[in-house]
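Right, one structure below, let's go through it.
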Amino acid sequence: MMSAAPAPREIRDFVFTDADFRAIAEIAHREFGLNLQSAKKPLVASRLAKRLRGLGVQNVKAYLARLEDREELTALLSLLTTNVTHFFREQHHFTYLRERVLPPLLDHARRGGRVRLWSAGCSSGQEPYSIAMTVLGLYPNAADLDIRLLATDIDPVVVDRGRRGVYDREELAAIPREHHKYCMLNMRLGRQFRMADPVRRLVTFGVMNLVVDLPVKGPFDVIFCRNVAIYFDKATQQKVWASFGRVMGPSAHLFIGHSERISGSAASGMRSVGITIYEKAAGVQPRIG
Ligand SMILES: C[S@@+](CC[C@H](N)C(=O)[O-])C[C@H]1O[C@@H](n2cnc3c(N)ncnc32)[C@H](O)[C@@H]1O
């Protein structure tokens with residue numbers, strides 16, 4: 001993703017003025033709908049200083065010129081957001097998925113129907129693989145049915161990591177024991193494990209920005225979009241929720257992060273069925289707005 005960086009050079013006394021911060025915040029808002037509050041200035045300054053050092057760029061003004069390049073814009077987004085994630089994050093979502101959402105979807109797939117799930121803002125893959133293991137836990141031959149899971153993120157670096165599907169052994173602790181058979185340890189990987197093929201076969205990774213017109217049509221039966229909208233301003237959040245509403249099939253479910261809420265035009269088309277879990281209300285098409 002990142003342009004080849006020249007050998008790092010020391011940038012002494014990195015200066016990051018309020019005007020510099022506003023310029024970066026303005027670009028992040030215009031390009032990605034990010035909402036950077038001034039309290040984030042020290043964090044942005046330290047991450048940017050590292051990036052500039054890596055690129056050998058001497059000051060923010062020179063860096064702003066680099067942002068003409070979309071690759072650098074993506075690198076900027078990547079340093080302004082966090083990719084923190086883990087397997088089976090918010091266990092109650094996976095319990096609800098296993099007990100309430102998947103059984104009718106698997107029945108549908110066994111009768112030859114199509115089932116589509118989406119992890120939007122999937123980071124390095126722990127979320128989509130947790131969903132896939134939950135599916136396989138109920139139906140080990142799921143890959144033989146028309147069930148597929150799309151996993152997307154705006155950051156190509158984490159998408160590649162997800163595609164590789166290799167994780168530190170410590171992360172096993174978050175994975176329920178019954179799924180450890182899908183985590184392949186071997187000598188070559190040392191202290192790492194690799195997601196097994198039946199899990200990987202269910203998941204397709206791709207790079208996608210959620211803050212543009214979505215290049216997917218669905219319909220999706222399940223969307224996980226957790227701890228992503230938290231970075232967006234309200235208008236952008238509402239735009240993202242509305243676009244999910246448009247690609248969700250009848251009675252589809254949307255799982256969001258613990259500090260996120262559905263608002264705007266999409267809210268009238270979804271009902272809350274659990275903590276941060278929504279179901280598309282039957283017969284209601286969210287207004288486009
Ligand atoms: C904190 S991680 C959340 C990962 C996972 N969903 C979870 O809850 O564990 C947020 C992810 O959102 C991605 N992201 C931020 N803005 C995005 C955008 N406009 N479109 C798609 N992904 C975005 C980031 O790259 C990052 O990987």
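Couple of notes before you dig in:
- Residue 100 falls short of the stated requirement of being at pLDDT 90 or above, within 16 Å of the ligand (Cβ to nearest atom) and more than 18 Å from the chain's Cα centre (by Cα).
- Test: residue in the range 115-124 that is more than 17 Å from the chain's Cα centre (by Cα), over 20 Å from residue 164 (Cα atoms) and more than 9 Å from the ligand (Cβ to nearest atom): yes
- In the range 233-262, the residues that are out of contact with any Asp or Glu (no Cβ under 6 Å at 6 or more places or on another chain), of a type outside the set (A, V, I, L, M) and open to solvent by less than 20 Å² (accessible area, probe 1.4 Å): 236, 241, 243, 244, 245, 255, 257, 260
- Every residue from the range 177-232 that is part of a loop (DSSP other than H, G, I, E, B), away from the ligand (no atom under 16 Å from the Cβ) and touching a Cys at 6+ places or on another chain (Cβ under 8 Å): 196
- Test: residue 93 is open to solvent by less than 40 Å² (accessible area, probe 1.4 Å) and within 16 Å of the ligand (Cβ to nearest atom): yes
- Where a residue in the range 61-73 is free of Cβ contacts under 8 Å to residues at least 12 places away in the same chain and its partner, wherever it lies, is surrounded by 14 or more Cβ atoms within 10 Å (Cβ to Cβ) and part of a loop (DSSP other than H, G, I, E, B), with Cβ under 7 Å and at least six apart: 66/57
The values are calculated or read from the model by the stated rules, or taken from the named source; none is laboratory data. Quick caveat, the model's predicted, so the values are computed rather than measured. A quick note on method: Cβ atoms are made from the backbone with ideal geometry, for glycine too, and the neighbour counts reach across all protein chains shown. Side chains are part of the model used for accessible areas, which takes the heavy atoms of the whole protein and leaves out ligands, DNA and RNA. Shrake-Rupley method; radii C 1.70, N 1.55, O 1.52, S 1.80 Å.
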